[in-house]
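Working notes, beginning with the structure itself.
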Amino acid sequence: MGNFKTSLKKITVHIALIIGIVFLLTVLFLKIYLPSYTNHGQSVTVPDLEGFEYSELQSYLSARDLNFEVTLDSGFNAELKPLTVLKQIPNPGSTVKSGRKIYVTLNSKNAPLIKMPNLVNSLLKNAQEILGNIGLIRGEIIYVPDIGINVVLEQKYRGRNIPEGFEVPKGSQIDLVVGDGLGNQILEVPNIIGLDNIDAEFLIIGSGLRMGNINYVETDTVPEGTIVKQIPPAGATVKTGEPIDLWISEINRRLND
């Protein structure tokens, strides 16, 4: 009986020791090892990297205990320099552990090529929406005499007519030749002589014509800014949308010095 009690006592002591050791190891693991391994309590707020250049990222993030990696994806924004950050993961303002890697997408060096859609015979409003949706910019609108009002007649890139499927860089400016809805009506050129340039432009456009070249003539006989000559002359017959070239007076400053 005595031997049984002694053995039981030893077993109890051993179990207690084992439980104590397990408890101690658990405490050490949870309170010391795990926090040091996971940087417990050391958090960093992710900064906004949009617009940063690639060359700036390493020093900027290292100072904040963060790293970065460039993703294989890329984008293009014509308003930003090449190799600047377009987007990032995690998002700005997120809280992460120090040493966390930030994944960034950079602006491409070269604009991707976009196949030009066919805008001819489309309404101007629709053409503008299509250009915006595919990453192109609507440039100059050139009105010409045509019975179709605000109907696209030609699409131009750098002064050249371009067909459907022609590849242009994303962000390019596309000029549109558009009908004015008046057709080839015959109009009489109004008299612009003696008006200032603002009134002259108002009268020209209101007559269904358009401003042509502006030239300046030095003179001391008429007030500065007055129209002194026009081509075609007043009374001439022209088609709708024809340009009117103007000569505007300016003071001969050499004579006044």
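Scan the stretch 219-244 for residues that are farther than 28 Å from PRO145 by Cβ, loosely packed, with under 13 Cβ neighbours inside 10 Å and not polar (S, T, N, Q) and report the count. Write out each step before concluding.
Pass one, the stretch 219-244, residues farther than 28 Å from PRO145 by Cβ: 219-226, 228.
Applying the additional criterion that residues be loosely packed, with under 13 Cβ neighbours inside 10 Å yields 220-221, 223.
Next cut, not polar (S, T, N, Q) only: 220, 223.
Total meeting the criteria: 2.
Hey, could you check the stretch 101-118 for residues that are modelled with pLDDT of 90 or more and in a loop (DSSP other than H, G, I, E, B) and say which is nearest to ILE147 (Cα to Cα)?
Step by step, filter the stretch 101-118, then rank; the result is ASN118.
For the stretch 204-218, how many residues meet the condition of being free of Cβ contacts under 8 Å to residues at least 40 places away in the same chain and crowded, with 16+ Cβ neighbours inside 10 Å?
Taking the stretch 204-218 as the starting set, the residues that turn out to be free of Cβ contacts under 8 Å to residues at least 40 places away in the same chain are 205-209, 211-218.
Cutting the leftovers down to crowded, with 16+ Cβ neighbours inside 10 Å gives us 207-209.
Within the stretch 204-218, residues that are free of Cβ contacts under 8 Å to residues at least 40 places away in the same chain and crowded, with 16+ Cβ neighbours inside 10 Å number 3.
State whether the residues of the stretch 226-233 include one that is without any contact (Cβ under 8 Å) to a residue 24 or more places away in the chain and within 42 Å of the chain's Cα centre (by Cα). Before the answer, list the steps.
Initially, the stretch 226-233 is screened for residues without any contact (Cβ under 8 Å) to a residue 24 or more places away in the chain, giving 231.
Then keep just the ones that are within 42 Å of the chain's Cα centre (by Cα); that gives 231.
For the stretch 226-233, residues without any contact (Cβ under 8 Å) to a residue 24 or more places away in the chain and within 42 Å of the chain's Cα centre (by Cα): present.
May I ask you to verify whether LEU72 is of a type in the set (A, V, I, L, M, F, W, C) and in contact with a Ser or Thr (Cβ under 6 Å, 6 or more places away or on another chain)?
Numbers: of a type in the set (A, V, I, L, M, F, W, C): yes; in contact with a Ser or Thr (Cβ under 6 Å, 6 or more places away or on another chain): no.
Judged against the criteria, LEU72 is not a match.
Considering the stretch 119-150 alone, what residues qualify as being crowded, with 16+ Cβ neighbours inside 10 Å and at pLDDT below 90?
Residues satisfying the conditions are GLY135, TYR143, VAL144, PRO145, ASP146, ASN150.
In the stretch 119-155, which residue that is among the β-branched types (Val, Ile, Thr) and in a loop (DSSP other than H, G, I, E, B) is farthest from ARG210 (Cα to Cα)? Can you show your working first?
Just the residues of the stretch 119-155 that are among the β-branched types (Val, Ile, Thr), to begin with: 120, 130, 134, 137, 141-142, 144, 147, 149, 151-152.
Among the residues that remain, those that are also in a loop (DSSP other than H, G, I, E, B) are: 120, 134, 147.
On the way: VAL120: 23, ILE134: 32, ILE147: 17 Å.
Applying the filter and picking the extreme gives ILE134.
Restricting attention to the stretch 53-77, and to residues there that are free of Cβ contacts under 8 Å to residues at least 40 places away in the same chain and of a type in the set (A, V, I, L, M, F, W, C), which single residue is surrounded by the fewest Cβ atoms within 10 Å (Cβ to Cβ)?
The qualifying residue surrounded by the fewest Cβ atoms within 10 Å (Cβ to Cβ) is LEU72.
The values are calculated or read from the model by the stated rules, or taken from the named source; none is laboratory data. Bear in mind that the values here come from a model prediction, so they are computed numbers and not experimental data. So basically every Cβ, Gly included, is an ideal-geometry build from the backbone, and we count neighbours across all protein chains shown.
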